[in-house]
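First up is the structure itself, then whatever we jot down about it.
The values are calculated or read from the model by the stated rules, or taken from the named source; none is laboratory data. Keep in mind the model is a prediction, meaning the values are calculated, not measured. Cβ sites come from the backbone with ideal geometry, for glycine too, and all protein chains shown count toward neighbours.
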Amino acid sequence: MRLFDLSIREVSSSLARPVGSPEAPERRRAGLLLRLRDAEGNVGLGEASPLPGFSQDSLASCRTALAGLDTRDLADCFDDPGPESVLAALARARRLLDPSLPAAAFALETALLDLVCRRERRSPFELLGRPALPRVELNAVLDATLPEARERALDLIGQGYTTLKLKFGSRWEPALDTLTHLRQRGGIQLRADANRKLGAEALECALPRMVALGLEFLEEPCAPELWPSLPATRPPIALDETLGSASSEQLPALLRQAHADVIVLKPMALGGFSECLRLADAAHTTGCAVVVTHLFDGPVALAAASALACVVQSPRLAAGLAPHAGLGAWPRAPQACVPPPSGLGRGIDPGSFCTGISPIDYWQELGD
């Protein structure tokens with residue numbers, strides 16, 4: 001495959017609502033759109049949108065690394081479009097970048113996969129050699145510490161969401177009040193995310209009460225050194241940021257140490273398809289459930305994560321891929337629930353989350 005060029009555009013804007021953790025909300029979101037184009041005019045898009053305060057990489061480091069890639073090295077990655085060769089090619093492309101730049105790796109893998117899909121006129125699922133779920137349900141996320149949390153939750157339920165994830169950090173008491181209010185309403189699944197902020201005393205007090213509320217799972221309740229302090233009575237535990245330091249070979253031992261039942265895959269934080277597929281396969285082997293979610297990404301990354309969810313998501317769980325406030329930094333931000341389709345056309349289609357726009361048109365819309 002001969003590549004003609006590699007181009008990068010940046011998007012940045014303030015947000016109507018902050019995103020991120022309650023302790024460190026971000027009121028501005030920025031990202032890079034990567035375009036690869038081959039000699040025949042086929043185009044593939046990828047996105048790098050590291051989140052300040054969460055990601056180990058930065059927008060500047062991603063831009064420098066992606067701009068420094070040699071298209072001749074990338075051209076050698078895809079001589080064979082077969083499934084095993086595609087996965088190996090994605091891994092080779094990832095190795096062209098520093099391992100400390102997962103967002104850049106996600107952008108590169110997405111753009112390459114998208115380009116080959118369009119070149120071969122095949123779907124991502126065909127190229128990856130994996131069956132796709134016909135539909136993936138979505139969960140919405142909100143900050144449980146805000147005064148308007150209950151009103152926001154009811155609005156999301158009114159939009160059709162049946163699973164909500166409430167982020168609360170260390171402020172677990174107001175979060176429990178909101179969770180209790182929502183549980184009394186009935187008919188919805190509830191998740192919570194502490195972002196590792198609960199101390200030993202809070203674990204002992206809060207977790208049994210969360211069990212009584214029937215939480216689907218509690219994400220990252222505490223720092224790893226407090227895992228031995230987790231009370232016997234606790235909701236199912238999910239790992240998220242902890243996965244950033246784990247390989248697929250290390251995952252089974254990590255799941256045992258954390259008493260974890262679920263892993264939450266953020267491709268933007270973990271480096272894209274190749275690493276997430278390895279982690280998902282390792283988790284499924286142990287009987288652990290898998291949930292795919294975003295890092296308040298833009299539409300290209302959200303569409304790519306949707307493609308991943310269609311092949312690794314545990315069917316009984318909702319994926320964290322609903323439209324979110326971070327999309328406000330990008331053109332044509334959606335306003336309603338858009339379930340990720342299993343078809344996704346012949347590539348990674350941002351139209352899934354941007355009102356039916358083609359990749360080439362979307363690139364043009366961002367401007368120079």
Near pairs, Cβ below 7 angstrom, 6+ apart or cross-chain, from the range 24-35 (in the same structural domain as Ser12 (by TED's automatic domain parsing)) to any residue that is assigned to a loop (DSSP other than H, G, I, E, B) and among the aromatic types (Phe, Trp, Tyr): Arg29/Phe296
Per the filter on the range 29-54, residues crowded, with 22+ Cβ neighbours inside 10 Å and within 24 Å of Ala325 (Cα to Cα) are Arg29, Gly31, Leu32, Leu33, Leu34, Leu45, Gly46, Glu47, Ala48, Ser49, Pro50, Leu51
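Only strands (runs of 3 or more DSSP E) wholly contained in the range 228-300 count here; list those with 2 or more residues that are assigned by TED's automatic domain parsing to the domain that holds Gly31.
Answer list for the range 228-300: none.
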Mind counting the residues in the range 149-168 that are assigned to a helix (DSSP H, G or I) and among the β-branched types (Val, Ile, Thr)? 1
How many residues are in a helix (DSSP H, G or I) and either over 19 Å from the mean Cα position of the chain (by Cα) or hydroxyl-bearing (Ser, Thr, Tyr) (or both) if we restrict to the range 116-137? 7
Residue among Ala103, Ala67 that is in contact with a Pro (Cβ under 7 Å, 6 or more places away or on another chain), closer than 27 Å to Phe296 by Cβ and either buried (at least 23 other Cβ atoms within 10 Å of the Cβ) or at pLDDT 85 or above (or both): Ala103
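Checking the condition in contact (Cβ under 8 Å) with a residue 40 or more places away in the chain and of a type in the set (A, V, I, L, M), which residue from Leu133, Leu198, Leu164, Leu97 passes?
Leu133
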Under 9 Å between Cβ atoms, which residue pairs at least 6 apart in sequence (or on different chains) link something in the range 178-190 that is in the same structural domain as Ile237 (by TED's automatic domain parsing) and modelled with pLDDT of 90 or more with a partner that is buried (at least 16 other Cβ atoms within 10 Å of the Cβ) and acidic (Asp, Glu)? Gln189/Glu216; Leu190/Glu216
Those residues of the range 210-227 that are in a loop (DSSP other than H, G, I, E, B), within 21 Å of Phe54 (Cα to Cα) and out of contact with any helix residue (DSSP H, G or I) (no Cβ under 8 Å at 6 or more places or on another chain) come to a total of 1
